């Protein structure tokens, strides 16, 4: 099996990136701290604001024979144009508290994380009409 990312939105719609569409992704866990030194003191004040998680990945939308919507949409989603329209008009929800379930699996790991949508971008380039490059960003947790 190649690299695959499956995302499920708050409405149960799925979005799957197959093999060559996602070459790599970044899953990060960071500790958010506030650190401030006081005058005439050699010990800083440190306030731990908790753990944050992020998931980011670039993608390349290709024409595939497998449905990007994983049969959760009224029609199959196979071409780059269909994929962009599905992501923009159906998959990305507008609810402020909507949480997405992201499943990342490859030969080395299986990670499932609840996350909040952060950003989606595509690079529209007429020189390469066979594919469209872009990226997704999510923050772990959310919904509050």
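None of the figures in this text is laboratory data; all of them are computed from the coordinates on show. On a predicted model such as this, the values are computed, not experimentally measured, just so you know. Methodologically, a virtual Cβ is constructed for each residue, glycine included, from the backbone with ideal geometry; neighbour enumeration extends over all protein chains shown.
Just checking, does segment 122-131 include any residue being part of a strand (DSSP E or B), farther than 30 Å from residue 50 by Cα and touching a residue at least 60 places away in the same chain (Cβ under 8 Å)?
Scanning segment 122-131 turns up at least one residue that is part of a strand (DSSP E or B), farther than 30 Å from residue 50 by Cα and touching a residue at least 60 places away in the same chain (Cβ under 8 Å).
State the number of residues belonging to segment 25-44 that are without any contact (Cβ under 8 Å) to a residue 24 or more places away in the chain, surrounded by 10 or more Cβ atoms within 10 Å (Cβ to Cβ) and under 30 Å from residue 109 (Cβ atoms).
Final tally of qualifying residues: 2.
Just one of (1) touching a strand residue (DSSP E or B) at 6+ places or on another chain (Cβ under 6 Å); (2) under 18 Å from residue 23 (Cα atoms); (3) surrounded by 16 or more Cβ atoms within 10 Å (Cβ to Cβ) trips up residue 64, so point out which.
Result: residue 64 passes all but (1).
Can you give me the number of residues within segment 45-80 that are within 17 Å of the chain's Cα centre (by Cα) and without any contact (Cβ under 8 Å) to a residue 24 or more places away in the chain?
Counting residues in segment 45-80 that are within 17 Å of the chain's Cα centre (by Cα) and without any contact (Cβ under 8 Å) to a residue 24 or more places away in the chain gives 0.
Are any residues in segment 57-73 touching a helix residue (DSSP H, G or I) at 6+ places or on another chain (Cβ under 8 Å) and assigned to a loop (DSSP other than H, G, I, E, B), and if so, which ones?
Residues satisfying the conditions are 62, 63, 64, 68, 69, 73.
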